[in-house]
Amino acid sequence: MNRRALITLLGGAAVWPLTARAQQVMPVIGFLNATSPDGYADRLRGFRQGLKETGYVEGENVAVEYRWAEDQIDRLPALAADLVPRKVAVLAATSTSPALASKAATASIPIVFMVAEDPVRLGLVASLARPGGNATGINFYTGELTAKRLELLRELVPAATRVAVLINSANVSTVTTLRDVESAARVMGLQMQVVRAGTRQEIDAAFEAFARERPDALFVGLDPFLNSRRVQLAQLATHHRIPAAYSARDIAEAGGLMSYGTNITDAFRQVGAYAGRILKGAKPADLPVMQASKFELVINAHTARLLGLTVPDKLLATADEVIE
């Protein structure tokens with residue numbers, strides 16, 4: 001072999017691994033959310049932790065395409081449809097409306113959802129044990145959870161007889177929320193006043209009505225938009241001196257009186273872990289829908305003092321966190 005041929009051969013051998021690595025395409029996850037990235041740092045950290053548990057690190061061996069609807073639910077179908085031709089390997093749909101939009105957009109791309117009610121009733125899966133189609137995920141809603149939250153609110157405000165319920169009608173889970181709250185209120189002998197709010201202005205108007213009608217307490221429904229307005233909700237409830245119970249700890253951390261519900265950050269971790277398993281070859285049809293297993297009670301003792309409430313020792317003892 002002459003010198004020129006040898007140099008050509010060695011040079012080709014040196015370049016080949018680089019070329020091969022360049023040809024390895026990094027898998028992409030499509031991430032669809034109904035709100036905005038503001039205040040989502042902890043939840044995204046949970047999602048990335050779930051990916052890491054299955055061997056994936058964003059930016060190193062997996063990419064994530066984020067789509068945020070900015071509280072405009074009607075944008076979700078277009079955002080989901082935009083992700084489909086980008087050949088994403090998995091769609092992560094992080095609440096009920098994104099899950100339904102993803103399911104409508106594709107029957108072939110695997111979907112990992114996180115929903116606040118029965119995914120079978122929503123039409124996302126055939127059954128919890130064997131989903132059967134292209135979707136699986138996390139279910140973190142139970143009627144018992146709603147009843148427990150109302151019961152805890154009653155323990156904080158034992159004299160309460162009239163409870164206002166704030167919901168977002170744009171959320172498809174609202175019907176289930178109302179059904180379960182009404183059932184629990186009936187058992188406890190509470191009168192309910194349902195108020196709907198889907199914009200910042202409507203939340204302001206709702207609290208103006210509360211100031212006139214003076215309900216004894218406020219129950220805020222589980223909803224991505226309402227959670228995104230947590231600072232507004234907490235400030236208005238304190239300003240109008242209305243004891244309120246919420247579903248997510250974010251609102252208690254923002255000054256809300258009390259939250260009881262699923263540990264949402266852990267649910268995001270579970271979504272990340274399922275997405276990672278699918279990237280490794282698992283089929284959504286064979287992955288059972290998981291029930292969220294971590295629930296937490298957070299009490300803001302500082303807010304309780306501002307409202308003139310004494311938190312019972314029993315609640316303080318059972319709380320997962322007391323914010324002073």
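The values are calculated or read from the model by the stated rules, or taken from the named source; none is laboratory data. Bear in mind that the values here come from a model prediction, so they are computed numbers and not experimental data. We place every Cβ from the backbone using ideal geometry, glycine too, and count neighbours over all the protein chains shown. Accessible surface is based on the protein model in full, side chains and every heavy atom, while ligands, DNA and RNA are left aside. Shrake-Rupley method; radii C 1.70, N 1.55, O 1.52, S 1.80 Å.
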### Task
Could you tell me the largest-minus-smallest coordinate of the C-alpha atoms of the range 203-324 on each of the three principal axes, in descending order and whole angstroms?
57, 35, 18
### Message
Restricted to Cα positions, what overall size does the chain have along the principal axes? Three whole-Å values, descending.
### Response
97, 40, 35
### Task
Under a cut-off of 21 Å between alpha-carbon atoms, report the lysines in cross-link reach of Lys283, not counting same-chain residues fewer than 8 places apart.
Lys52, Lys87, Lys103
### Task
Calculate one ³J(HN,Hα) per residue across the range 210-216 by plugging θ = phi - 60° into the Karplus curve 6.51 cos²θ - 1.76 cosθ + 1.60, and present them in order as whole Hz with x for glycine and proline.
4, 5, 7, 8, 6, x, 6
### Query
When only C-alpha pairs under 8 Å and at least 6 residues apart count, what is the relative contact order of the range 132-280, in percent?
25
#### Entry: Cα-based Rg / Dmax (Å) for the range 200-262
10.6, 33
### Query
What are the semi-axes of the equivalent ellipsoid of the range 51-103, taken as the square roots of 5 times the eigenvalues of the Cα gyration tensor, listed largest first and rounded to whole Å?
23, 12, 10
### Query
If you wrap a convex hull around the Cα atoms of the range 127-229, how much volume per residue is inside, in Å³?
117
### Message
If I stretch the segment between Val57 and Leu128 completely, what's the gain in nm (0.36 nm per residue apart, minus their alpha carbon distance), one decimal?
### Response
22.7 nm
### Message
Solvent-accessible area of Met192, probe 1.4 Å, all protein chains present, reported in Å² to the nearest ten, please.
### Response
60
### Task
Find, to one decimal place in angstroms, the Kirkwood hydrodynamic radius of the range 17-146, where the mean of 1/r is taken over every pair of different Cα atoms and then inverted.
15.6
### Task
Quick one: dipole size for the range 179-324, taken about the Cα centre, charges +1 on Lys/Arg Cβ and -1 on Asp/Glu Cβ, in debye to the nearest 20.
300
### Task
Give me the distance between the Cα centres of the range 255-322 and the range 77-140, rounded to whole Å.
22
### Eligible lysines near Lys148 by straight Cα distance, threshold 16 Å, same-chain separation 8 or greater
Lys294, Lys314
### Task
Can you give me the three principal axis dimensions of the range 115-169 from its C-alpha atoms, in Å, biggest first?
49, 23, 13
